[in-house]
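Enquirer: Take a look at the following structure, please.
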Amino acid sequence: MIVRIRRLLVRLTLFLAFVGCWEAAYRAGLLNPIIFAAPSVIVKAAVKDGWTFLAAFRVTVLEITMAILMAWCFGIIFGVIAGSLPILARISAPMLSAVIALPLVVIYPVLLVWFGLGVTSKIVFGTISGVFPIALNTLTGVQSIDHGFATMARAMGANRRQIMFRVMAPLALPAIIAGLRLGTALIVIGVVLSEMLASTDGIGFWISYHRSLFNTGQVYLGIILALSITILVNMILSFVERMHFRGGDERFVR
Amino acid sequence: MNHRPTARAGSVEIIKVERLSKQYGSGANSLRALSDISLSVSEGQFVTVVGPSGCGKSTLLLILAGLVSPSSGDVWIDGAAVTGPLPEKISVMFQEAWLLPWKTAVENVEFPLMLRGAPFAIRRPRALSLLQLVGLEGFANRYPGELSGGMKQRVAIARSLVQEPRVLLMDEPFAALDEQTRTRMGNELLQVWEKFGRTVVFVTHGLTEAIYLADFVFVMSARPGRILERFHVELPRPRTIEMIGNEAFGRLRNRIWHLIGGA
Ligand SMILES: Nc1ncnc2c1ncn2[C@@H]1O[C@H](COP(=O)(O)OP(=O)(O)OP(=O)(O)O)[C@@H](O)[C@H]1O
Ligand SMILES: [Mg+2]
């Protein structure tokens with residue numbers, strides 16, 4: 001406990017020192033104000049216009065949350081089903097690997113036509129950005145499980161659905177979580193990117209809008225917000241991981 | 001759990017196999033695993049199956065369990081034609097326990113009941129009493145990763161009894177254990193069996209184990225597997241280690257050995 005508090009204090013001190021140096025360098029005129037915004041400028045940008053950045057933040061968080069929910073659900077469900085059915089696995093695994101290699105951003109203009117400039121196109125693009133690696137990881141994870149588990153479950157009277165979701169999916173969880181990490185990172189990237197390309201709201205929009213007006217403080221604020229969302233998402237994932245591995249990895253000796 | 005009166009010589013036929021054949025695959029790379037097997041087992045008997053490696057013992061057991069379908073022939077267990085798993089009549093055990101690693105021992109034992117939606121108040125006491133039966137009452141809340149191989153198979157035995165099946169099918173359940181543990185597990189299995197009197201079909205590579213445990217030993221030929229002969233083991237029960245050294249035991253062991261082709 002004391003070690004943790006001390007570590008926290010050290011980090012905080014370092015962080016404050018960094019911010020202090022940054023501010024000092026700015027005041028001393030060492031930093032170009034168009035390229036670098038000082039901490040005080042960023043804070044001023046935040047409180048200006050009555051905290052308008054919070055609205056942009058809310059929109060982006062909503063889009064990312066929706067995209068995560070959809071990509072996790074579709075990716076895991078498809079991966080578990082396809083991983084348990086050899087024919088479906090043989091067909092879909094190469095297709096998934098191919099799609100992952102594509103620069104998916106090329107389809108964004110099409111999504112704009114279908115879903116408009118609003119949040120829907122961002123949610124759909126975010127989902128598409130993340131769902132394929134989740135599905136592929138889940139699929140290969142389920143495929144690599146020894147058949148003995150499924151045979152045993154069948155003998156115990158488990159039906160297809162129970163075998164998939166009460167035996168195979170939990171067994172594949174380490175692989176699924178690896179997929180979730182990758183897929184979720186891609187979702188955050190996809191949503192912010194699509195906001196920057198064409199939108200009317202959100203952090204991505206906030207950044208590109210203020211960049212065009214040379215409001216460096218607002219741009220930096222947007223970057224900090226985007227980073228904080230990534231950190232938040234990673235914390236949630238670590239939490240999910242810990243929930244499962246409660247009691248240590250040695251339980252997973254198969 | 002109902003205690004069966006010791007009607008071991010009882011003649012109620014519980015397993016009946018008629019003209020069973022199994023061919024894996026089709027065309028040029030097809031493989032005949034079993035050929036024209038007929039056998040019957042009376043309720044409460046402990047029968048073992050031996051035969052050369054690859055002769056189809058596991059295949060036969062999987063077909064009895066309804067986990068693999070035969071190419072031709074029929075299987076009845078307790079009066080019901082076997083066309084798929086019958087978890088309330090038949091349970092199986094393999095060389096590996098296949099315990100779910102994120103569930104504790106007691107949760108693994110009650111898992112078959114959970115699949116059927118049995119409430120906690122029913123499944124937990126039953127699972128605990130079965131763990132006690134196999135001597136693991138102190139390990140109910142341990143995870144499989146914390147148990148030895150023998151302990152895992154004990155949990156598997158408890159789990160295979162939790163649905164109160166009529167027939168236990170076991171495919172070399174102790175083959176991965178060291179010899180001492182294997183012998184001890186065999187004795188414990190016999191104790192459990194004598195207490196509950198389920199019918200047991202036990203596949204093994206070990207002739208000594210096969211004779212020691214069994215009322216009847218089925219001997220299979222090399223692939224495609226057929227039943228060559230059924231030997232009645234007339235040693236009294238309970239069996240003791242000393243019996244392994246006696247003359248009748250040795251004679252029977254030799255006969256089976258030659259029949260399989262040990263030469
Ligand atoms: N799923 C399968 N597909 C194709 N061939 C199979 C399959 N399972 C088993 N076989 C073949 O059928 C034959 C019998 O296999 P089986 O596992 O039943 O033998 P076994 O008597 O249990 O062998 P062992 O003593 O080594 O355990 C073997 O030649 C094996 O290669
Ligand atoms: Mg076998």
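The values are calculated or read from the model by the stated rules, or taken from the named source; none is laboratory data. What you see is a predicted model; the values in this text were computed from it and never measured. When we count neighbours, we look across all protein chains shown, and the Cβ atoms used for this are built from the backbone with ideal geometry, even at glycine. The accessibility values were calculated without ligands, DNA or RNA, using every heavy atom of the protein model including side chains. Shrake-Rupley method; radii C 1.70, N 1.55, O 1.52, S 1.80 Å.
Enquirer: (1) open to solvent by less than 50 Å² (accessible area, probe 1.4 Å); (2) within 11 Å of ligand 1 (Cβ to nearest atom); (3) away from every other protein chain (no Cβ under 14 Å): which one isn't true of residue B:63, the others all being true?
Expert: Of the numbered conditions (1) open to solvent by less than 50 Å² (accessible area, probe 1.4 Å); (2) within 11 Å of ligand 1 (Cβ to nearest atom); (3) away from every other protein chain (no Cβ under 14 Å), the odd one out for residue B:63 is (3).
Enquirer: Follow-up. Give B:35, B:26 a once-over and let me know the one that is among the hydroxyl-bearing types (Ser, Thr, Tyr), at pLDDT below 95 and out of contact with any Lys or Arg (no Cβ under 8 Å at 6 or more places or on another chain).
Expert: B:26
Enquirer: Considering only residues of the stretch A:47-93 that are among the charged types (D, E, K, R) and part of a helix (DSSP H, G or I), which is nearest to residue A:206 (Cα to Cα)?
Expert: Of the stretch A:47-93, the ones among the charged types (D, E, K, R) are A:48-49, A:58, A:63, A:90.
Now drop any that are not part of a helix (DSSP H, G or I), which leaves A:58, A:63, A:90.
Working: A:58: 12, A:63: 15, A:90: 44 Å.
Looking at residues that are among the charged types (D, E, K, R) and part of a helix (DSSP H, G or I), I get A:58.
Enquirer: Please find, among B:198, B:239, B:182, B:230, the residue that is within 13 Å of the chain's Cα centre (by Cα) and among the charged types (D, E, K, R). Break it down into steps so the answer makes sense when it comes.
Expert: On the way: B:239 fails: within 13 Å of the chain's Cα centre (by Cα); B:182 fails: within 13 Å of the chain's Cα centre (by Cα); B:230 fails: within 13 Å of the chain's Cα centre (by Cα).
The match here is B:198.
Enquirer: Here's a follow-up. With the structure loaded, tell me whether residue B:121 is open to solvent by 50 Å² or more (accessible area, probe 1.4 Å), more than 16 Å from ligand 2 (Cβ to nearest atom), away from every other protein chain (no Cβ under 12 Å) and modelled with pLDDT of 95 or more or whether it fails that test. Quick ask: steps written out before the conclusion?
Expert: Details: open to solvent by 50 Å² or more (accessible area, probe 1.4 Å): yes; more than 16 Å from ligand 2 (Cβ to nearest atom): yes; away from every other protein chain (no Cβ under 12 Å): yes; modelled with pLDDT of 95 or more: yes.
Against the criterion (open to solvent by 50 Å² or more (accessible area, probe 1.4 Å), more than 16 Å from ligand 2 (Cβ to nearest atom), away from every other protein chain (no Cβ under 12 Å) and modelled with pLDDT of 95 or more), residue B:121 qualifies.
Enquirer: For the structure I just gave you, tell me whether residue A:40 is within 30 Å of residue A:130 (Cβ to Cβ), more than 26 Å from the chain's Cα centre (by Cα) and not aliphatic (A, V, I, L, M). Steps first, answer last, please.
Expert: Working: within 30 Å of residue A:130 (Cβ to Cβ): no; more than 26 Å from the chain's Cα centre (by Cα): yes; not aliphatic (A, V, I, L, M): yes.
When the stated conditions are applied, residue A:40 does not pass them.
Enquirer: Follow-up question, since we're still on this one. Being more than 12 Å from ligand 1 (Cβ to nearest atom) and open to solvent by 20 Å² or more (accessible area, probe 1.4 Å) is the filter; apply it to the stretch B:34-60 and report the residue that is farthest from the other protein chains (Cβ to nearest Cβ).
Expert: B:36
Enquirer: If you check every pair at least six apart or on different chains, which have Cβ atoms under 7 Å apart with a residue in the stretch B:185-205 that is open to solvent by less than 20 Å² (accessible area, probe 1.4 Å) first and a residue that is basic (Lys, Arg) second?
Expert: Filtered contacts from the stretch B:185-205: B:190/B:239; B:196/B:4; B:197/B:4; B:199/B:166; B:203/B:57.
Enquirer: Scanning the stretch B:206-255 for residues that are buried (at least 16 other Cβ atoms within 10 Å of the Cβ) and of a type in the set (Gly, Ala, Ser), which turns out farthest from ligand 2 (Cβ to nearest atom)?
Expert: Here the residue is B:214.
Enquirer: Hey, another quick one. Any residue at all in the stretch B:97-111 that's modelled with pLDDT under 95, of a type outside the set (S, T, N, Q), surrounded by fewer than 22 Cβ atoms within 10 Å (Cβ to Cβ) and over 30 Å from residue B:135 (Cα atoms)?
Expert: The answer is no; no qualifying residue exists.
Enquirer: Tell me, which residue of the stretch B:128-157 that is of a type in the set (Gly, Ala, Ser) and within 13 Å of chain A (Cβ to nearest Cβ) is most open to solvent (accessible area, probe 1.4 Å)?
Expert: In the first step, residues of the stretch B:128-157 are kept if they are of a type in the set (Gly, Ala, Ser); the result is B:129, B:135, B:138, B:140, B:145, B:148-150, B:156.
Cutting the leftovers down to within 13 Å of chain A (Cβ to nearest Cβ) gives us B:145, B:148-149, B:156.
Numbers: B:145: 33, B:148: 59, B:149: 39, B:156: 3 Å².
By that ranking, first place goes to B:148.
Enquirer: Can you tell me how many residues within the stretch B:159-180 are farther than 24 Å from residue B:88 by Cβ and open to solvent by 20 Å² or more (accessible area, probe 1.4 Å)? Before you say what the answer is, go through the steps one by one.
Expert: If we filter the stretch B:159-180 for residues that are farther than 24 Å from residue B:88 by Cβ, which is where we start, we get B:172, B:174-180.
Now restrict to residues that are open to solvent by 20 Å² or more (accessible area, probe 1.4 Å): B:172, B:175-180.
The qualifying residues number 7.
Enquirer: Among the residues of the stretch B:83-100, are any over 30 Å from residue B:257 (Cα atoms) and of a type in the set (Asp, Glu)?
Expert: yes
Enquirer: Considering only the stretch B:28-57, state which residues are within 20 Å of residue B:257 (Cα to Cα) and within 14 Å of ligand 2 (Cβ to nearest atom).
Expert: Once the filter is applied, which keeps residues that are within 20 Å of residue B:257 (Cα to Cα) and within 14 Å of ligand 2 (Cβ to nearest atom), the stretch B:28-57 yields B:48, B:49, B:50, B:51, B:52, B:53, B:54, B:55, B:56, B:57.
Enquirer: Related question: How do the helices (runs of 4 or more DSSP H) wholly within the stretch A:130-214 filter down when requiring 1 or more residues that are more than 19 Å from residue A:84 (Cβ to Cβ): which remain?
Expert: Answer list for the stretch A:130-214: A:173-197, A:203-212.
Enquirer: If you don't mind, another one. Looking at the stretch A:128-160, which of its residues are away from every other protein chain (no Cβ under 14 Å), open to solvent by 10 Å² or more (accessible area, probe 1.4 Å) and of a type in the set (Val, Ile, Thr)?
Expert: A:128, A:131, A:140
Enquirer: Here is a follow-up. Which of (1) in a loop (DSSP other than H, G, I, E, B); (2) in contact (Cβ under 8 Å) with a residue 60 or more places away in the chain does residue B:234 not meet, given it meets every other one?
Expert: With respect to (1) in a loop (DSSP other than H, G, I, E, B); (2) in contact (Cβ under 8 Å) with a residue 60 or more places away in the chain, residue B:234 is out only on (2).
Enquirer: Within the stretch A:162-187, which residues are open to solvent by 20 Å² or more (accessible area, probe 1.4 Å) and more than 22 Å from residue B:144 (Cα to Cα)?
Expert: A:178, A:181, A:182, A:185, A:186 - these are the residues of the stretch A:162-187 that are open to solvent by 20 Å² or more (accessible area, probe 1.4 Å) and more than 22 Å from residue B:144 (Cα to Cα).
Enquirer: Looking at the stretch B:60-89, I want the residues that are in the same structural domain as residue B:32 (by TED's automatic domain parsing) and within 16 Å of ligand 2 (Cβ to nearest atom) and have a partner that is in a loop (DSSP other than H, G, I, E, B) and open to solvent by 40 Å² or more (accessible area, probe 1.4 Å) with Cβ atoms under 8 Å, at least 6 apart or on another chain. Which pairs are those?
Expert: That search, which allows pairs on different chains as well, returns B:63/B:69; B:63/B:70; B:65/B:85; B:67/B:85.
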